[in-house]
């Protein structure tokens, strides 16, 4: 009986072992601060640019989506931190690995964040009762926010 190999991991099993380093999860208020800083860093200049360029509401929304996507995917994918997250001491990593999450996963996380807003932003409040302080979009792509 002991000659049989162990069964393969089941669907949904963790893909990584527990991190070998000790990490502190980022708290909800720290994450909110990072989000607000990023909104100021990206939103204010884009709004001014949109008004100066004479863009209507639809044009500003499209510009915001494209620039927000590029900003988030570049910084989160390559460094795990946007400028606001750097200032607040928050880093996004794959659950169980301290490495940056890469551009593909960062893109998925960006679009999954729209699901966190439905309904009534409940996905953004998820860290208040979650063991890993994960938002709904963190859960979708298996990422966590750590304090650095």
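The values are calculated or read from the model by the stated rules, or taken from the named source; none is laboratory data. The structure presented is a predicted model; accordingly, all values stated were derived computationally and were not measured. As a convention, Cβ positions derive from the backbone with ideal geometry for all residues, glycine included, and neighbour counts pool all protein chains shown.
Taking interchain pairs and intrachain pairs at least six residues apart, which have beta carbon atoms under 7 angstrom, with the first residue in the stretch 107-121 and without any contact (Cβ under 8 Å) to a residue 24 or more places away in the chain and the second exposed (fewer than 13 other Cβ atoms within 10 Å of the Cβ)?
none
Quick check: is even one residue across the stretch 5-21 at pLDDT 85 or above, within 23 Å of residue 136 (Cα to Cα) and exposed (fewer than 15 other Cβ atoms within 10 Å of the Cβ)?
no
Pull up the stretch 20-47, narrow it to residues that are outside any helix (DSSP H, G or I) and within 19 Å of the chain's Cα centre (by Cα), then point me to the one that is farthest from residue 124 (Cα to Cα).
Ranking the candidates gives 23 first.
For residues in the stretch 33-45 being out of contact with any strand residue (DSSP E or B) (no Cβ under 7 Å at 6 or more places or on another chain) and surrounded by 14 or more Cβ atoms within 10 Å (Cβ to Cβ), which is farthest from residue 70 (Cα to Cα)?
Top of the filtered list is 33.
Taking residue 50 as the residue in question, decide whether it is outside any loop (DSSP other than H, G, I, E, B), farther than 19 Å from residue 82 by Cα, over 17 Å from the mean Cα position of the chain (by Cα) and at pLDDT below 95.
yes
Within the stretch 58-80, is there a residue that is in contact with a strand residue (DSSP E or B) (Cβ under 6 Å, 6 or more places away or on another chain) and at pLDDT 95 or above?
yes
Given the condition surrounded by 13 or more Cβ atoms within 10 Å (Cβ to Cβ), on the phi < 0 side of the Ramachandran plot and outside any helix (DSSP H, G or I), answer yes or no: does some residue in the stretch 57-65 qualify?
Looking for residues that are surrounded by 13 or more Cβ atoms within 10 Å (Cβ to Cβ), on the phi < 0 side of the Ramachandran plot and outside any helix (DSSP H, G or I), one finds none in the stretch 57-65, hence no.
What tally of residues in the stretch 90-132 results from selecting those that are in contact with a strand residue (DSSP E or B) (Cβ under 9 Å, 6 or more places away or on another chain), closer than 20 Å to residue 79 by Cβ and in a loop (DSSP other than H, G, I, E, B)?
7
Report, by residue number, each residue of the stretch 69-89 that is surrounded by 19 or more Cβ atoms within 10 Å (Cβ to Cβ) and part of a helix (DSSP H, G or I).
72, 73, 75, 76, 77, 84, 85, 88
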